[in-house]
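Enquirer: Before we start, here is the structure in question, set down as C-alpha cells.
The values are calculated or read from the model by the stated rules, or taken from the named source; none is laboratory data. Keep in mind that what you see is a predicted model, and the values were worked out from it rather than measured. Heads up, the Cβs are rebuilt from the backbone with ideal geometry, glycines too, and the neighbour counts pull from every protein chain shown.
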Amino acid sequence: MTETNKNIFPVHHEIMSREEKEIFLNQRARVIWLTGLSGAGKTTLAKHLEKELVSRGYLAQILDGDNIRTGINNNLGFSPEDRYENIRRIAEISKLFLHCGIITINCFISPTEEIREMARHIIGAEDFIEIYVNAPLNICEERDVKGLYSRARRGEIKEFTGITAPFEVPQKHDLEVRTDLGPVEESVKQILELALPRIALE
Ligand code: ADP
C-alpha cells in the first residue's frame, strides 16, 4: 500500500446494496467472460447474448476490447505487462457493474491462464462465468474479420495473439463453444443454458 492509499477509505455502505439493486433489476449480476483468439466469435456471440438477455428482461452491458482500448485503456499496448494491466482494469470495471446489479458480457482475448486467473480473482469466482470461444487458428485466420491476421503475417503487427504472441488454451473454463462446428445460434443456446440459471433470482 502506498502512502496516498493509506488516506483513502472506500465507501462500502452505499445507499442501495448490490443485493437491493439485483432485486430492483430482478436479476443476479454476473460476468460472462468470453476468451478466445481474434476472430473466434466473441463479439458476434456477445451481441446475440445481449439481445437474448434483454428479451428476457435482463440488463446487460457488453465490454469489448476495441471500445475499452480506444477509451479508458488508450495508453496501453500489447506487451505482456500492458495486456495484464488491460485485463486488470477491465476486471475492476466489471466489478463496478456487478455492484450495480448489471450483467457484463466481456469480449477479450485474455490470452494466458495468469491473466484469466487474475480476472477471476478480482471479480470473484462465484460471479465469473468463463466461456472458451474456440475456433482453430486457421479458421480465425480464414475469417480474418478485421484483416489483422494478414497484417500480422506481413509483420505489420507485432505481438499478435496466435501468430507472434501466445494463446494458452483455457484450463478452468465453465464451457467451451466451438464456433467452427455449428451456427451462432447453437453457441448462444449453450451459453444461455449455463448462464440463465445463475442470473435468475430464486
Ligand atoms: P472476435 O470478437 O472473437 O474477434 P468476431 O465476432 O469479431 O470475433 O468475428 C467472428 C466471425 O466469425 C464473424 O464474422 C462471425 O460472423 C463468424 N462466425 C461464423 N460462425 C460463427 C459462430 N458459430 N459463432 C460466432 N461467430 C461465427
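Enquirer: Might you check whether a residue that is in contact (Cβ under 8 Å) with a residue 60 or more places away in the chain, exposed (fewer than 12 other Cβ atoms within 10 Å of the Cβ) and away from the ligand (no atom under 12 Å from the Cβ) occurs anywhere in the range 171-184? Full working, then the answer.
Expert: Restricting attention to the range 171-184, the residues satisfying the condition of being in contact (Cβ under 8 Å) with a residue 60 or more places away in the chain are 173, 177, 179, 184.
From what's left, exposed (fewer than 12 other Cβ atoms within 10 Å of the Cβ): none.
Scanning the range 171-184 turns up no residue that is in contact (Cβ under 8 Å) with a residue 60 or more places away in the chain, exposed (fewer than 12 other Cβ atoms within 10 Å of the Cβ) and away from the ligand (no atom under 12 Å from the Cβ).
Enquirer: If you check every pair at least six apart or on different chains, which have Cβ atoms under 8 Å apart with a residue in the range 100-112 that is over 30 Å from Leu148 (Cα atoms) first and a residue that is among the hydrophobic types (A, V, I, L, M, F, W, C) and assigned to a loop (DSSP other than H, G, I, E, B) second?
Expert: Going by the 8 Å Cβ cut-off, the qualifying pairs are Cys100/Ala29; Gly101/Ala29; Gly101/Leu59; Ile102/Ala29; Ile102/Leu59.
Enquirer: Answer with yes or no whether Glu126 is acidic (Asp, Glu) and touching a His at 6+ places or on another chain (Cβ under 8 Å). Working first, answer last.
Expert: Numbers: acidic (Asp, Glu): yes; touching a His at 6+ places or on another chain (Cβ under 8 Å): no.
Taking the combined requirement at face value, the residue does not satisfy it.
Enquirer: Quick one: which residue in Ile93, Ile109 is hydrophobic (A, V, I, L, M, F, W, C), touching a helix residue (DSSP H, G or I) at 6+ places or on another chain (Cβ under 9 Å) and more than 23 Å from Pro183 (Cα to Cα)?
Expert: After applying the criteria, what remains is Ile93.
Enquirer: Do we find a residue being away from the ligand (no atom under 16 Å from the Cβ), surrounded by fewer than 21 Cβ atoms within 10 Å (Cβ to Cβ) and not in a loop (DSSP other than H, G, I, E, B) anywhere in the range 25-32?
Expert: The answer is yes; a qualifying residue exists.
Enquirer: For the structure I just gave you, tell me whether Glu50 is surrounded by 12 or more Cβ atoms within 10 Å (Cβ to Cβ), more than 16 Å from the ligand (Cβ to nearest atom), in contact (Cβ under 8 Å) with a residue 24 or more places away in the chain and not hydroxyl-bearing (Ser, Thr, Tyr). Quick ask: steps written out before the conclusion?
Expert: Working: surrounded by 12 or more Cβ atoms within 10 Å (Cβ to Cβ): yes; more than 16 Å from the ligand (Cβ to nearest atom): no; in contact (Cβ under 8 Å) with a residue 24 or more places away in the chain: yes; not hydroxyl-bearing (Ser, Thr, Tyr): yes.
The answer is no for Glu50.
Enquirer: While we're on this one: Here's a check for you: in the range 56-69, which residue that is surrounded by 15 or more Cβ atoms within 10 Å (Cβ to Cβ) and part of a helix (DSSP H, G or I) is farthest from the chain's Cα centre (by Cα)?
Expert: It comes out as Arg69.
Enquirer: Considering only the range 185-202, state which residues are without any contact (Cβ under 8 Å) to a residue 60 or more places away in the chain and within 16 Å of the ligand (Cβ to nearest atom).
Expert: The initial filter retains those residues of the range 185-202 that are without any contact (Cβ under 8 Å) to a residue 60 or more places away in the chain, namely 186, 189-190, 193, 197, 202.
Across the range 185-202, the qualifying residues are Glu186, Lys189, Gln190, Glu193.
Enquirer: While we're on this one: Among the residues of the range 62-108, write down those that are within 16 Å of the ligand (Cβ to nearest atom), of a type in the set (A, V, I, L, M) and at pLDDT 95 or above.
Expert: Of everything in the range 62-108, those that are within 16 Å of the ligand (Cβ to nearest atom), of a type in the set (A, V, I, L, M) and at pLDDT 95 or above turn out to be Ile62, Leu63, Ile87, Ile90, Ile105.
Enquirer: Taking the criterion of being polar (S, T, N, Q), within 16 Å of the ligand (Cβ to nearest atom), free of Cβ contacts under 8 Å to residues at least 40 places away in the same chain and out of contact with any helix residue (DSSP H, G or I) (no Cβ under 9 Å at 6 or more places or on another chain), would at least one residue in the range 128-138 satisfy it? Don't jump to the end; show me each part of the working.
Expert: At the first step, the residues of the range 128-138 found to be polar (S, T, N, Q) are 134, 138.
Retained after the next criterion (residues that are within 16 Å of the ligand (Cβ to nearest atom)): 134, 138.
After this cut, where a residue has to be free of Cβ contacts under 8 Å to residues at least 40 places away in the same chain as well, the list is 138.
Then keep just the ones that are out of contact with any helix residue (DSSP H, G or I) (no Cβ under 9 Å at 6 or more places or on another chain); that gives 138.
Looking through the range 128-138, at least one residue is polar (S, T, N, Q), within 16 Å of the ligand (Cβ to nearest atom), free of Cβ contacts under 8 Å to residues at least 40 places away in the same chain and out of contact with any helix residue (DSSP H, G or I) (no Cβ under 9 Å at 6 or more places or on another chain).
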